[in-house]
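See below for the structure under consideration.
The values are calculated or read from the model by the stated rules, or taken from the named source; none is laboratory data. These numbers come from a predicted model, not from an experiment. Glycine gets a Cβ as well: all are built from the backbone with ideal geometry, and neighbour counts include every protein chain shown. Just so you know, the surface numbers come from the protein's heavy atoms only, side chains and all, with ligands and any DNA or RNA stripped out. Shrake-Rupley method; radii C 1.70, N 1.55, O 1.52, S 1.80 Å.
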Amino acid sequence: MSPRKRSRSSSISSSDSQPRKRQRSSSDGSEPDKRLKVYIVQAKLSADEVASLYALVDHHSVNESLDFELTPSPRDADVIVTAVHMRKRLERHIDWALAKEKPIVTPDWLFNSVSAGELLPCGKFAALSELHDETVHNCPDGDDDSDTAASSPPTDSLLHLRSPSQEPAASADLDWKSRYACCRASPLVCVNQHLVSRLAIIRRSRELEDDKISALSYDHAIGMIKSYPYELTEDRLNEVNSLPHIGPKMISRIEEYLDNGDIEEAETIANSQRYQSLEAFTDLYGVGATTARKLYAAGCRTFEDVERYYGVSYEDEAEEEADLDDGLKTEETDDLHLASQHNDRASQHNDRKPPRPLRFAKPKIPSITPRVALDLRDDLDQRIPREEVQEIFAVIVRELNAVRPGCVATIVGGYRRGKSLSGDVDIVIGHPNLSPTGKQVKGLSSRLVERLYERGLVTHLMYLSGFHAPDVTRAAHWDALEKALTVFVLPGGVRRRVDLIFAAPEAYWTAVVGWTGSKTFERDLRRWAAEQKELKFDSTGLTRRSNGELLVPTSEEDVFRLLGLGWVPPTLRNADA
Ligand code: 8GT
Ligand code: MN
């Protein structure tokens, strides 16, 4: 990188509207003149996008070679980031003469540079086409001619990330009458959300009581109501009655709700000791419905009872781990993944002991046991605000690029669907050169987790690999995904559950789709693929059922295209309550 005329860093005054960068003393070894000053034009960006860009800038000192700071003044900026594409609009924020002296790039430049662990050439990210040449010329990547050369990511890479602001709009084909959630638009909060929340109590109770069939029909019905675009009234009952998945029983529930503003059974369940206890116990990480029912049967009603219960057998840690018998979130989800077609296998699977956590010879990272879960309860009970999800992500991306430059990562799960508070953080991680066979994916995951542990950022770990359906045609692909379930903590922060999913490029986009959720949306994707397209979809890949041929998507939209589906933005995949 050529030394550029970047001015020394000056701190941002407290009256500035942009957040301050954490002060770093020059004695910590960082060279202040390597800092790249970034000015973010807020126009056309949502508050979330602004916050995530700030978090990205504020946390990046990747490989000690990438170091950003925010500047409140475009004049001082080494690079200007904007979602504005028109001269007139930009001129409201930046003087045109000044704009010509700066690289003016889209947020993607920042996302991709951070992901790549280096400053990428700006040309491809020029925000205004008429300033393309100036942007290339002024680009801080250090080599004005390198726009097509070595430092850009390989053009055939499957891993071109895009900022959320660049996401296309929902397909016009979405149809709220479809029997598949993946063909419908399901917003986070729908017009009939209160009704949904009452049905969700009954659904949850069925799940806790192991009434899988009833739970599934509630899932389907809730999904239909989530996408139903009108407020439900008596006049609409006929229409709703004709929808798939809404049977006579569900209609009588809805009628009761319309008459009384509530559903009596939901009320009774919600007030029952049993429901409250089972709900609370399954909130404990590692405790699923089966364990919760066992605890209840053993007389436990409160967490104190559970603490006492586990306290007794605490001496034998091995036994304790075996006690985590059904509740791993991922195990349950895998069951769900199979539920629609393989009920028998799923229930057998449910009774099986989970794989023993793999442990490193050194350092030995503590695993997650019921005892640990109880100790962490106060922390893990707390939901995670979006800003913190972004912060955690930024720290992980920083460490990731120290372990292996050029990695890319996407936050998935409820965060990506727009939830303001998340139960955990789910992140899909990839690298353009990871081989889907061999131990490369595993290697990356253990190196990252080890580093996070050494830095005190991860305190507990459970590895789960081999979460593939036992399908011989997929043998070549078995190593393409790996997941590390961790307890993560920012310095001085609350401990959080963070799931890291590592994917080879071939599996990256199916992993992103598979882990974005929601659960019913995912289940219907698999159903759609199998029933309508003779395809098998899951987060490890997309294959033809007839011959096992693997279809490799090059983007998230490509996954939908290969499945013959219209595009559903993540925020419209909220098919669950
Ligand atoms: P929350 O974390 O705020 O509670 O909400 P969430 O992010 O929607 O739920 P989650 O339980 O964290 O799961 C995120 C998504 O990942 C789910 O929609 C689910 O489809 C998917 N998922 C798992 N576990 C597994 C798994 O083992 N394999 C695959 N392929 N997908 C999984 O939760
Ligand atoms: Mn999640």
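Data table
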| item | result |
| --- | --- |
| Total formal charge among the other residues, if their Cβ is under 11 angstrom from that of A221, Lys/Arg +1 and Asp/Glu -1 | +3 |
| Solvent-accessible area, 1.4 Å probe, carbon plus sulfur percent, for region 186-271 | 49 percent |
| List K419, K37, K177, ordered by accessible area with a 1.4 Å probe, largest first | K177, K419, K37 |
| S186 long-range amide H proximity, modeled H, under 5 Å | R573, N574 |
| Region 263-280 - phi-based ³J(HN,Hα) in whole Hz, Karplus 6.51/-1.76/1.60, Gly and Pro as x | 10, 4, 4, 4, 4, 4, 4, 4, 8, 7, 4, 4, 4, 4, 5, 4, 4, 5 |
| Relative pair counts by distance (%), Cα atoms of region 487-577, 10 Å bins | 16, 44, 25, 11, 3, 0 |
| Nonlocal amide H pairs with L70, under 5 Å, H built at 1.01 Å | K21, V38 |
| Sum of side-chain charges, W176 neighbourhood, beta-carbon under 12 Å (Lys, Arg +1; Asp, Glu -1) | +1 |
| From phi via Karplus (6.51, -1.76, 1.60), per-residue ³J(HN,Hα) for region 196-211 in Hz, x at Gly/Pro | 4, 5, 6, 4, 5, 5, 5, 4, 5, 4, 4, 5, 5, 8, 6, 8 |
| Computed accessible area, V114, all protein chains, 1.4 angstrom probe, square angstrom | 0 Å² |
| Calculated from backbone phi, Karplus (6.51, -1.76, 1.60) coupling profile of region 428-442 in Hz, x at Gly/Pro | 9, 10, x, 8, x, 9, 6, 7, x, 10, x, 10, 5, 5, 4 |
| Extension gain (nm, one decimal) between S242 and D133, 0.36 nm per residue minus Cα-Cα | 33.4 nm |
| Taking the convex hull of Cα positions in region 186-271, its mean projected area over all directions (nm²) | 5.3 nm² |
| Built amide H within the under 5 Å cut-off of V425, gap 5+ | R497, V498, D499 |
| Around D95: net Lys/Arg minus Asp/Glu count, Cβ-Cβ under 14 Å | +3 |
